[in-house]
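Asks: Below you'll find the structure I mean.
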Amino acid sequence: MKQEQFGGDGTANNQAGRDVNVHHHHYGVTEERAREIALELWQNNAPRLASEARGTFDGRAIKMTTEIITKTVAEDPELLERFKDPRAQVVLLKAQEAYGETGDDELGAILAGLVVALVGEPTRTRQEIVLREAIECAPRLSAQHLSALIVIVLLTRMSYRATPSVEALLDSLDGDLAPYYGAIPTDAFEYTYMGATAAGLFLPGLGHKVYDKIFSSHPNAMYPPIPPDEIPEDWTATAEAGAELSDMLYAQHAEAIENVRLRIRPDAADVVLRADPQAPPPLTPLQTKLREFVMERSIMKSDFAALLREAKPELAAFLDTIDSTMALHFQPSAVGIMLARHAVATRSPHAAEQIDRLFAAVGSSS
């Protein structure tokens, strides 16, 4: 079909037989003007519905517009200027339509967050492209799918590196995952469907068992804290060795000096307790000794699973569902991670900040 593009004020693009009117304004955009732009955009481009549905559809679109403008002002009022740009108006219209069709408030909050994040990004950056794809993908996923994305990202991409014990690790997992108990798919077919969207790929046989993943990701929580007098004296025979050991260990808080216990610092544990001790850079002799010392005192994977089942039966039942559906065989894409970030923000801003750091790290390493 022929596409028409006109420059200047009131740019119009004829796409799929429908006019999308893009508005230009050459002065500072106020909050009031941004609302006018958003509502005019909707009035000019909303699908024609029967009268019984039109009022509901329009009311939802206005609600979505208000949420997006409010969030934009809270983020940075200067971003209102972006709503005169075609790219912002196109994604705004997509969000208005998706929420207008469903009225799903969680989806609305996710879409509003994605739109606000997009208008704050420069054009054609990786982040902006991922956000645009996420806005397209979000309406194609159910609430269960979005919950599953959050859980998968939390279990496969996040780590509770600073937890000082197995008990503390279980408390953290239970606290973060409890909102999703009973809220994820119970059939592997749902992950097959998710794999047909931009959220990621479902690769049966190429994923993880959930207990294995948690256990292997947290070796620094799997041993009891170390009494200082159990550290062999010959480890600190030289000042250099003493300094190296001191850099690797920290003392857990204790009321009395005789109750002080030692644990490996998280940054040091990433090296000393890594899955492959032969990976570069090579471990120093003292790091090797500390690794062997800790591994001898660490619990076995079977012991960890038994402890989890006894201490946190609801968490155990949830993890069993994850294994039975092969949820950790779903590999989230950048779009899936972005959707998880904005979905979790509706429930836990702290977890959203953690995923933001993860997304930044992925970008810097690519």
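The values are calculated or read from the model by the stated rules, or taken from the named source; none is laboratory data. All values derive from a computational prediction rather than experimental measurement. Glycine also receives a Cβ, built like all others from the backbone with ideal geometry; neighbour counts cover every protein chain displayed. The area values use the complete protein model at the heavy-atom level, side chains included, leaving out ligands, DNA and RNA. Shrake-Rupley method; radii C 1.70, N 1.55, O 1.52, S 1.80 Å.
Asks: What are the pairs, 6+ residues apart or on separate chains, where a residue within segment 118-145 that is at pLDDT 95 or above has its Cβ under 7 Å from a residue that is polar (S, T, N, Q) and not in a helix (DSSP H, G or I)?
Replies: Hits for this filter: C137/T197; R140/T197; L141/T197.
Asks: Tally time: how many residues in segment 335-350 are buried (at least 20 other Cβ atoms within 10 Å of the Cβ) and out of contact with any Gly (no Cβ under 8 Å at 6 or more places or on another chain)?
Replies: 7
Asks: Sticking with this one: Only one residue in V272, V260 is at pLDDT 95 or above and either touching a strand residue (DSSP E or B) at 6+ places or on another chain (Cβ under 9 Å) or not assigned by the TED database to the domain that holds Y180 (or both). Which one?
Replies: V272
Asks: Can you find, within segment 253-275, the residue that is least open to solvent (accessible area, probe 1.4 Å) among those that are under 27 Å from the mean Cα position of the chain (by Cα) and among the acidic types (D, E)?
Replies: D270
Residue-by-condition table, conditions (1) of a type in the set (S, T, N, Q); (2) modelled with pLDDT under 95; (3) assigned to a loop (DSSP other than H, G, I, E, B); (4) more than 23 Å from E128 (Cα to Cα):
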| site | (1), (2), (3), (4) |
| --- | --- |
| H23 | no, yes, yes, no |
| R33 | no, yes, no, yes |
| E36 | no, yes, no, yes |
| A95 | no, no, no, no |
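Asks: In this structure, does D212 turn out to be under 16 Å from the mean Cα position of the chain (by Cα) and on the phi < 0 side of the Ramachandran plot?
Replies: Here the answer is no, as D212 does not meet what is asked.
Asks: Does G182 qualify as being in the same structural domain as A352 (by the TED database), of a type outside the set (S, T, N, Q), outside any helix (DSSP H, G or I) and crowded, with 19+ Cβ neighbours inside 10 Å?
Replies: no
Asks: Read through the list (1) within 21 Å of the chain's Cα centre (by Cα); (2) open to solvent by 60 Å² or more (accessible area, probe 1.4 Å), then give the number of the only condition that P228 fails.
Replies: All conditions pass for P228, except number (1).
Asks: Which of the residues spanning segment 88-108 are among the aliphatic types (A, V, I, L, M) and open to solvent by 20 Å² or more (accessible area, probe 1.4 Å)?
Replies: V90
Asks: Which residue pairs have Cβ atoms under 9 Å apart, sit 6 or more places apart or on different chains, and have a first residue in segment 35-51 that is more than 18 Å from E67 (Cα to Cα) and a second that is β-branched (V, I, T) and not in a loop (DSSP other than H, G, I, E, B)?
Replies: Correct list of pairs: N44/V20; N45/V20; L49/T56.
Asks: Consider E101 carefully, then state whether it is in contact with a helix residue (DSSP H, G or I) (Cβ under 7 Å, 6 or more places away or on another chain), touching a residue at least 40 places away in the same chain (Cβ under 8 Å), acidic (D, E) and not assigned by the TED database to the domain that holds T346.
Replies: Spelling it out, it is not the case that E101 is in contact with a helix residue (DSSP H, G or I) (Cβ under 7 Å, 6 or more places away or on another chain), touching a residue at least 40 places away in the same chain (Cβ under 8 Å), acidic (D, E) and not assigned by the TED database to the domain that holds T346.
Asks: Here's another thing I want to ask about it. Just one of L206, L154, L201, L173 is in contact (Cβ under 8 Å) with a residue 12 or more places away in the chain and out of contact with any helix residue (DSSP H, G or I) (no Cβ under 8 Å at 6 or more places or on another chain); which is it?
Replies: After ruling out the rest, the residue left standing is L201.
Asks: Still on this structure, please answer the following. With respect to A311, is the statement that it is touching a helix residue (DSSP H, G or I) at 6+ places or on another chain (Cβ under 8 Å) and either surrounded by fewer than 19 Cβ atoms within 10 Å (Cβ to Cβ) or acidic (D, E) (or both) true?
Replies: It is true that A311 is touching a helix residue (DSSP H, G or I) at 6+ places or on another chain (Cβ under 8 Å) and either surrounded by fewer than 19 Cβ atoms within 10 Å (Cβ to Cβ) or acidic (D, E) (or both).
Asks: Only helices (runs of 4 or more DSSP H) wholly contained in segment 267-366 count here; list those with 2 or more residues that are charged (D, E, K, R) and farther than 27 Å from M194 by Cβ.
Replies: 285-297, 301-311
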